[in-house]
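Student: Have a look at the structure that comes next, please.
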Amino acid sequence: MYGEWLERVRQEGPLVHNITNYVAMQIAANTLLAAGASPVMAHAAEEVEEMAAAAGALVLNIGTLEPAWVDAMELAQASAARHGVPVVLDPVGVGATRYRTEVAARLLSIHPPLVIRGNAAEVAVLTGGTGIVRGVDAHSGGLPVDEAASLARRLAGVVAATGPVDIVTDGRRTARIENGDPWLTRVTATGCSLSALVGAFVAVANREPRQDDTLLAVIASLVSFEVAAEQARAVAHGPGTFHAALLDALYHLRPADVDSAARVSWI
Amino acid sequence: MYGEWLERVRQEGPLVHNITNYVAMQIAANTLLAAGASPVMAHAAEEVEEMAAAAGALVLNIGTLEPAWVDAMELAQASAARHGVPVVLDPVGVGATRYRTEVAARLLSIHPPLVIRGNAAEVAVLTGGTGIVRGVDAHSGGLPVDEAASLARRLAGVVAATGPVDIVTDGRRTARIENGDPWLTRVTATGCSLSALVGAFVAVANREPRQDDTLLAVIASLVSFEVAAEQARAVAHGPGTFHAALLDALYHLRPADVDSAARVSWI
Amino acid sequence: MYGEWLERVRQEGPLVHNITNYVAMQIAANTLLAAGASPVMAHAAEEVEEMAAAAGALVLNIGTLEPAWVDAMELAQASAARHGVPVVLDPVGVGATRYRTEVAARLLSIHPPLVIRGNAAEVAVLTGGTGIVRGVDAHSGGLPVDEAASLARRLAGVVAATGPVDIVTDGRRTARIENGDPWLTRVTATGCSLSALVGAFVAVANREPRQDDTLLAVIASLVSFEVAAEQARAVAHGPGTFHAALLDALYHLRPADVDSAARVSWI
């Protein structure tokens, strides 16, 4: 069921346009390539509209933002809206500084993204909640089920709040995912890489645009990535080899194994 | 024969000044270090002329370009021309957007690079051809032998169009290389890394400037990188471990093994 | 003794704000995560003051500088000074261009960093000495003991000049460290990663601000990193796998092993 989505990504090889942070650039590109998608990074105002229009999905990530990049994100977002290209937003570190919070609010205002992928505290901040964001690692009390659902309804999209347990919701139905591995928090930009991967799955879902498909595609992307992480953990010796093993596992991941290892429940 | 060039790179340790894209920065630097060269990245208008003048080669890569970087590339290019420093251009994604195509044309106009290293479609685009460039992964019909030779004559330099089969030409003589491994396309920035490595080999060739030497140096750099990739493939489990194994293999690569594994023919 | 500092870093997980170069971004973040610290990268003038104020340490690295980044470094530096946040400076490639030398002088002038971590030639350049800096790999004649001590007194801080043998001094006491592995020079940004790690250790030391603690914390960070490198070398096959093994080793490094492997002597 979820494995089918991975199979479709491999068959269709969607082009994913990323305007992402400097830390994540390489690993996000490698994650997309390992999954069979095709990454492109472009941030110049001179070309983002054209690149976003040509892509299967646009992924925006504010991890190392600055004004010129934010302007380019808005141009790309508008172009994506004009061309029916789904947009994924990763609000890295929102709440850590006023600037990040303002930028995230701007990116939610005119052309809201179809999907938001953040950690629990970031999602809480986006809904005016009380998540505590320290730097780009966020800590939050409980699962932000209500916040995520409320935000998803506001977007008419899907919100994924990831952590030891993930919440994915379209505001009506909410799934809980318990795959993954703690070492994902000991390698930088794994969340950013996952957001890029969400873009690949959503690009495929967008060919038959039904909201339900987007929800399932996002769940499938999270499960695929996290099952790969579980496989990687079994062969890695620490966070350095885990990082390489994660890409290996994602590349070889069998759709049937995604389905058999998936720990998804509906709330 | 080709292995001798690798040996000279290790002995001379040329300084290679890269103005490259964000995705490739780290892996290009690691590729140069593994081969025994010395990388430096610098992109500020305030220092690129001085850095290029001090380098053995200048490598320009438009993978994540923006206007200030393009201006710096032109300054560096002019400084390289004044100081006899050879320039390598990697026209990443040319044809994917009008901006990239315009920038590539600018970088070819006043101080043409000595070497261009791109994929087949990018080379076709540079010659006004019909390559289809989608994002930064290009797909082209056949080998761009005529396009590459025409472009090389225009540059009075060398053009390398890489892919499953590589074409390297100075416009008079054309070599065909069949080394490498498909996993090179499942790791990001391997083409960019190869362009950086071309810089190291050309820096060494430039000590005795004969066009013929440049041609052989470029062939030697491609063969060295691709034979290392073949060795890496033999020990890697997927694209993640392949990436690390490629650097290991390049570091340990024996000149005699380069020559015995080289699959080079002249067209 | 030194291992205790590593233990404290793991227990306290300090937030380290890095304004660093593009090549080092990912590996510096991974180094901090492997050691148990929490990295954040932020360079926009709009947010660096707030981020630096919230951090346990601020690490400035001029490896790929440009004017807007230097302005942000100065803003962050001033904010760190106001909030009692210790600052580490890595003067990458100072002396290689006039611009780098001027920027380093600016960063030393108004709010001098508490710690400088560079190679021997960079430290010599900062003291007006005669180190030869070619690109970002520096070569110097002997150990810069006097230069480092003089610079440390000027800062009222600590200077670490690293290389095959490291010198760490507060201007009164000087330690010599002989740990590490030559492959650290065949992987890019290991020096930059070490500077980031120094930030984590200094953040912990800053909770009880005594100059003596800073000196010991810096020594402990160098020894921890270099003992991890020695362990990594024992299992790696080349610079690619060494890089991953270094992160693995840092993650698993036992404080007792740091102390038993430490090769520190006082001059």
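Student: Any idea how far apart C:ARG263 and B:MET1 come out in nm if each label point goes 7 Å out from Cα toward Cβ?
Tutor: Going from the C:ARG263 label point to the B:MET1 one covers 4.5 nm.
Student: Still on this structure: Ordered by residue, what ³J(HN,Hα) values in Hz, to whole numbers, does region B:3-16 give under the Karplus form 6.51 cos²θ - 1.76 cosθ + 1.60, where θ = phi - 60° and Gly and Pro are x?
Tutor: x, 4, 5, 4, 4, 5, 4, 4, 6, 8, x, x, 7, 10
Student: So what are the radius of gyration and Dmax for the Cα set of region C:166-224, in Å?
Tutor: So, for region C:166-224, Rg and Dmax equal 12.1, 37 Å respectively.
Student: Another one. Given the -39500 (n - 2.57) contribution per DSSP H run of 4+ residues, what per-residue ellipticity at 222 nm results for chain C, rounded to the nearest 500 deg cm²/dmol?
Tutor: Working: 11 runs with 137 residues, N = 267.
Taken over chain C, the calculation gives -16000 deg cm²/dmol.
Student: What are the ³J(HN,Hα) values, in whole Hz, obtained from phi via the Karplus relation 6.51 cos²θ - 1.76 cosθ + 1.60 with θ = phi - 60°, for each residue of region B:231-242 in sequence order, with x given for Gly and Pro?
Tutor: 5, 5, 4, 5, 10, 8, 9, x, x, x, 6, 4
Student: Of A:SER109, A:SER195, A:SER38, which has the largest mean-square fluctuation in a 10 Å C-alpha GNM of chain A?
Tutor: Comparing A:SER109, A:SER195, A:SER38 in the GNM, the peak value goes to A:SER109.
Student: Scan chain C and hand back the longest stretch that contains none of the trypsin sites (Lys or Arg not before Pro) lying in DSSP loops with at most 11 other Cβ atoms within 10 Å. Before the final figure, lay out each step's value.
Tutor: Numbers: sites that count: C:ARG172, C:ARG207, C:ARG210.
The longest uninterrupted stretch comes out as C:1-171.
Student: In percent, what relative contact order does chain A have, based on Cα pairs under 8 Å that are 6 or more apart in sequence?
Tutor: Values: 575 pairs, mean separation 58.1, N = 267.
Computed over chain A, the figure is 22 percent.
Student: Could you pull the copy-to-copy label distances for A:ARG153, with points set 7 Å along Cα to Cβ, in nm to one decimal and sorted shortest first?
Tutor: Spelled out, the distances from A:ARG153's label point are 7.0, 7.0 nm.
Student: Compare B:VAL235, B:VAL145, B:VAL123 in a GNM of chain B, Cα atoms joined below 10 Å, and give the one with the largest fluctuation.
Tutor: Its mean-square fluctuation being the largest, the pick is B:VAL235.
Student: Per-residue HN-Hα couplings for region C:243-255, Karplus 6.51 cos²θ - 1.76 cosθ + 1.60 at θ = phi - 60°, whole Hz, x for Gly and Pro?
Tutor: Values per residue, Gly and Pro as x: 4, 5, 5, 5, 5, 4, 5, 5, 5, 8, 3, 8, x Hz.
Student: Give me, ordered by chain and number, the residues 5 or more places off B:VAL59 or on other chains with an amide H under 5 Å from its own placed amide H.
Tutor: Amide H neighbours of B:VAL59: B:HIS17, B:ASN18, B:ILE19, B:VAL88.
Student: I'd like the distance separating the alpha-carbon centroids of region A:58-104 and region C:212-252, in whole Å.
Tutor: Taking the Cα centre of each part, region A:58-104 and region C:212-252 sit 36 Å apart.
Student: Run through the DSSP bridge list for chain C and note the antiparallel percent, rounded to the nearest 5. Walk me through the intermediate numbers first.
Tutor: Numbers: 13 of 33 bridges.
Of the beta bridges lying entirely in chain C, close to 40 percent run antiparallel.
Student: Measuring from a point 7 Å out along Cα→Cβ, what nm distances, shortest first, does A:HIS252 have to its partners in the other copies?
Tutor: 2.0, 2.0
Student: Further question: Classify region C:2-266 as rounded, prolate or oblate from the Cα gyration tensor: take a ≥ b ≥ c as the square roots of its eigenvalues, call it rounded if a/c is under 1.5, otherwise prolate when a/b beats b/c and oblate if not. Working shown, then result.
Tutor: Working: a/c = 1.31, a/b = 1.16, b/c = 1.12.
Since a/c stays below 1.5, the shape of region C:2-266 is classed as rounded.
Student: Could I ask something else about it? Placing the label point 7 Å from Cα along the Cα-to-Cβ direction, what are the distances from A:GLU102 to the equivalent spots in the other copies, shortest first, in nm to one decimal?
Tutor: For A:GLU102, the inter-copy label distances come out at 3.0, 3.0 nm.
Student: Could you work out the local net charge near B:GLY171, counting Lys and Arg as +1, Asp and Glu as -1, over the other residues with Cβ closer than 9 Å to its Cβ? Don't jump to the answer; show the numbers that get you there.
Tutor: Values: positive: B:ARG153, B:ARG154, B:ARG172, B:ARG173; negative: B:ASP170.
Once positives and negatives cancel, what remains is +3.
Student: Could you work out the local net charge near A:CYS192, counting Lys and Arg as +1, Asp and Glu as -1, over the other residues with Cβ closer than 10 Å to its Cβ? List each step's numbers first, then the result.
Tutor: Details: positive: A:ARG117; negative: A:ASP90.
With Lys, Arg at +1 and Asp, Glu at -1, the net is 0.
Since every read-out is calculated from the coordinates, none of them should be taken as a lab result. These numbers come from a predicted model, not from an experiment. Here the Cβ is made from the backbone with ideal geometry for all residues, glycine too, and neighbour counts use every protein chain on show.
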